[in-house]
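Asks: Shown below is the structure under consideration.
Values in this text are rule-based calculations from the coordinates and carry no lab data. Note that the structure is a prediction, hence the values are computed from the model and not measured. Note: ideal-geometry Cβ built from the backbone for every residue, glycine included; neighbour counts use all protein chains shown.
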């Protein structure tokens, strides 16, 4: 005989036993994900930043300045942040997930910058 009851009895299918799952579904639906229009704007902004990066690479006078590498690094960091926020949906995730992503990222960036300042004089000596 087929069992036609959609929810099993015995405490497993009671509404109180699924409140956590129901709350999760309601919380997931409450997140406002980007619309198609927002994705198009994000793609346009990323394309424009990439065009500027390639464009400044072909300006010999700018490549020779000390601003060349920092400007490329800043533009790359901005593109990274945009991709993480919108395409990886980090902007719409819980604070815990944002903290678990950005915390170690900040530690890594600070460590790399500190090492560059600490050992930068060695790179200058090797170059000359």
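Asks: Length gain on complete extension for the stretch residue 109 to residue 73, per 0.36 nm per residue less the alpha carbon to alpha carbon distance?
Replies: 11.8 nm
Asks: With r defined as the distance between the Cβ atoms of residue 35 and residue 118 and R0 fixed at 41 Å, what FRET efficiency is calculated, to the nearest 0.05?
Replies: Working from the Cβ atoms, E equals 0.35.
Asks: At residue 47 and residue 98, where each label point lies 7 Å from the Cα along Cα→Cβ, what is the point-to-point distance in nanometres?
Replies: Result: 2.9 nm between the two label points.
Asks: Per the Kirkwood definition applied to all pairs of different Cα atoms, how many angstroms is the hydrodynamic radius of segment 34-92?
Replies: It works out to 12.5 Å.
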